[in-house]
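Just below is one structure, and these are the notes that go with it.
The values are calculated or read from the model by the stated rules, or taken from the named source; none is laboratory data. The shown structure was predicted, so the numbers you read here are calculated from the model rather than taken from an experiment. Cβ: placed from backbone, ideal geometry, glycine included. Neighbour counts: every protein chain shown.
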Amino acid sequence: MTIISTRPIAGQKAGTSGLRRKTRDWMAPHFLENYVQSTINAIGGAKGKRFVVGGDGRFYNAEATQIILRMLAANGASEVIVGRDGLLSTPAASHLIRLNNTDGGFILSASHNPGGIDADFGLKFNMANGGPATETVSDEIYAQTTTLAEYHIAQTPDVDLSIVATSDLAGMDLKIVDPVSDYAELMKTLFDFNAIQTLFKSGFRMRFDAMHAITGPYAKTILQDMLGAPSDTVMNGTPLVDFGQGHPDPNPIWAHELMSVMTGPDAPDFGAASDGDGDRNMIVGRGAYVTPSDSLAVLAAHAHLAPAYAGGLVGVARSMPTSAAVDRVAAAKGIPAFETPTGWKFFGNLLDAGKVTLCGEESAGTGSDHVREKDGLWAVLLWLNILAETKLSVADLMAEHWATYGRNYYSRHDFEDVPVDVANTLMDDLRRSLPTLTGQSFAGLVVGDADDFSYDDPVDGSRSVSQGIRISFQGGARVVFRLSGTGTQGATLRMYVEALETDPDALHRDPQHALADVIKAAHEITDLQRRLGRDTPDVIT
Ligand code: G16
């Protein structure tokens, strides 16, 4: 056991989901160690505690796992449960924390960000409920990073993590587990596997794009081995440290390989993709992309068709920039709908308090009270369960949904790698203009209301301010602006546009056309073209 002297490293402040930085930053002397020790200190030490450790397998996952294990041992942890080869999807890690009643877990992932020595790496701490550290704990971790003077590490050789076994690491019990099996068992308890098996037996065809990330082995086990989907169902199913040089973000831009299959000749019935660490999902039918906001609404409308949710939902929650489509379902069902800031950590209290069953975000995350993370494969399985029961195609299910509830046309435009000062000035100016925006007209739309979103947590009473600027127009359309908290280079400006359509003859338009006025108004309000020197987004979802 060694105590190493160190000095605070500036800027170790978590964003939307843990600390994400360039991989080389993490590999620099003391960077990872400082952050791990600060986390341990922030939770009152590790002595006698039990943790889960695992990550999405990106470059540096293996080395970082060894360091974290040695530090937990040196800090007196009594047991660590680690995925074989240091691998665990984020939802599987959340499940293992809960299943084993541990004190929390360390998840090594930069999620949908690319991987590699010149790409991104990340680390986040999840608490005993299985969910991401709350704002309060995250703030305490940051505070610790600013004063840290030493860290503890055991001087032991690397542990062989390739075999499921139980051993001892410098006095700490080390349990190496299969990353997939407990998670797969959980899924079996939630869904009607027989109905989904019957669906596949009937010739239903699907493609699941694992994007060379963590869900490959999970999807092969569950979809192909357990549910009997054909062996070519999972594509890009071998996890690679650099995700095959791809960008493991399941949206139509980055999952273009899947999109071309789903829009090509002889397209399968159903397509889905997940991200680097397995918590996001993309759903696409034959020629029919489903926006994450619509997916959440459809799942809320039909969740009762799956055994786990047969008793109905107690409530739903969505992040503020997510479309209000799910609110309309909640209203029809007479259940509450909560609106939280962006970040899965804000759903934890609502789930723990039994106020919501389902939650989701526009950023392709959907989940339920089965774990405390969003869960990509879970969403895919719920979709499959619903398709098996309704016997509808994805396109028909969407058409039926919009005819019933109206359609919240929705799109997110991302402007990436914007100089940080330009992005901050744009947001500051917009914030300053809020009091005078109401009543003004832009591209023919009149502003009805404009504010900077604050959230009062109904469970613990904490308040989170400056969570995004929302501008509503008369007639119901709206635009939201916020800066991403997950990027590692420059700033990413996110512009979310939405408009409700209830005219039965106008439910099947191209969202970009349906939203053209709102997009124009949003550009005018921010003077976007002049400030950014461009008006075309890098990514449209
Ligand atoms: C993370 C968070 C999500 C959030 C998303 C986008 O997802 O867990 O709650 O919606 O980032 O955040 P931002 O808009 O700040 O970039 P993931 O999948 O990257 O962990």
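Points worth noting:
- Within this structure, Thr390 fails the test of being in contact with a Phe, Trp or Tyr (Cβ under 6 Å, 6 or more places away or on another chain), of a type in the set (Val, Ile, Thr) and either surrounded by fewer than 19 Cβ atoms within 10 Å (Cβ to Cβ) or in contact (Cβ under 8 Å) with a residue 60 or more places away in the chain (or both).
- Looking only at residues of region 490-514 that are within 20 Å of Leu528 (Cβ to Cβ) and not hydrophobic (A, V, I, L, M, F, W, C), we find that the one that is surrounded by the fewest Cβ atoms within 10 Å (Cβ to Cβ) is His513.
- Strands (runs of 3 or more DSSP E) enclosed by region 216-309 - at least 3 residues per element that are hydrophobic (A, V, I, L, M, F, W, C) and out of contact with any strand residue (DSSP E or B) (no Cβ under 9 Å at 6 or more places or on another chain): none
- Screening Thr342 against (1) more than 13 Å from the ligand (Cβ to nearest atom); (2) within 13 Å of Ser319 (Cβ to Cβ); (3) among the hydroxyl-bearing types (Ser, Thr, Tyr) leaves a single unmet condition, (1).
- Across region 235-254, the qualifying residues are those that are aliphatic (A, V, I, L, M) and more than 18 Å from Leu88 (Cα to Cα), and the one among them that is modelled with the lowest pLDDT is Ile253.
- Just so you know, in region 121-169 the residues that are aliphatic (A, V, I, L, M), buried (at least 17 other Cβ atoms within 10 Å of the Cβ) and more than 25 Å from the chain's Cα centre (by Cα) include one that is farthest from Gly485 (Cα to Cα), and it is Leu169.
- Residue in region 461-470 that is modelled with pLDDT under 95 and of a type in the set (A, V, I, L, M, F, W, C) present: yes
- Matching residues, region 228-257, being buried (at least 24 other Cβ atoms within 10 Å of the Cβ) and among the aliphatic types (A, V, I, L, M): Ala229, Val234, Ala255
- Residue in region 353-360 that is within 16 Å of the ligand (Cβ to nearest atom) and of a type in the set (S, T, N, Q) present: no
- Within region 452-487, tally of residues that are closer than 26 Å to Asn349 by Cβ, more than 16 Å from the ligand (Cβ to nearest atom) and not charged (D, E, K, R): 5
- Qualifying positions in region 80-110 - part of a strand (DSSP E or B) and either farther than 17 Å from Asp178 by Cβ or within 16 Å of the ligand (Cβ to nearest atom) (or both): Gly105, Phe106, Ile107, Leu108
- Taking region 361-375 as the range and being modelled with pLDDT of 95 or more, closer than 17 Å to Ser319 by Cα and either within 15 Å of the ligand (Cβ to nearest atom) or buried (at least 24 other Cβ atoms within 10 Å of the Cβ) (or both) as the test, the residues that pass are Glu361, Glu362, Gly365, Thr366, Gly367, Ser368, Arg372, Glu373, Lys374, Asp375.
- The set of residues in region 404-442 being outside any strand (DSSP E or B) and of a type in the set (S, T, N, Q) consists of Thr404, Asn424, Thr425, Ser433, Thr436, Thr438, Gln440.
- Residue check for Arg534: modelled with pLDDT under 95 and either outside any loop (DSSP other than H, G, I, E, B) or more than 16 Å from the ligand (Cβ to nearest atom) (or both): yes
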